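The values are calculated or read from the model by the stated rules, or taken from the named source; none is laboratory data. Only a predicted model underlies this, so the values are computations on that prediction, with no experimental measurement involved. Every residue, glycine as well, gets a Cβ built from its backbone with ideal geometry; the counts of neighbours run over all protein chains shown.
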Amino acid sequence: MNLKEKINNDLKESMKSGDKIRLETVRSIRALILEFEKSGAGRELNEEDGLKMLTAAAKKRKESIEQFRNAKRDDLADKEELELKIIEEYLPKQLTQEEILEEIKKIANEVGAKGKEDFPKVMPVAAKSLKGKADGKVIRELLEKYLSGN
């Protein structure tokens, strides 16, 4: 079942269950899919497009949570966290920091990275390899820490 079918099924289920947050979140994902289809890309939504779309939606929620917490608006931050959890259900399982670090070590060895100066060689490979499985910010932080020898 592709993302579009899964979202449409989940939309129906959300309507039946009366879960307003889930319904609102699934509708927002469906709107992203419809927007993509009408964008004139000239192709069907594939898995990579869906992953990109969901990752961007999750990133927006994370940024909103941070801003709402800073503004002492915990009510809004809590709502965003619930939405984020729902979006994450559609994303591949996120790796732990230990798993990310192991992958970074493997990539650094393959590329032959020795220190901080090799960051530009390793980061693009790590970002591509871990796409959808880890947040880019976390990848960058762990890679910098690893290359600096900490």
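In the stretch 10-103, which helices (runs of 4 or more DSSP H) lie fully inside it and hold 3 or more residues that are under 27 Å from Glu144 (Cα atoms) and not hydrophobic (A, V, I, L, M, F, W, C)?
Hits in the stretch 10-103: 47-70.
Could you tell me which of the residues Glu66, Glu103, Glu81 is closer than 19 Å to Val138 by Cβ and in the same structural domain as Leu130 (by TED's automatic domain parsing)?
Step by step, each of Glu66, Glu103, Glu81 is checked, and only Glu103 is closer than 19 Å to Val138 by Cβ and in the same structural domain as Leu130 (by TED's automatic domain parsing).
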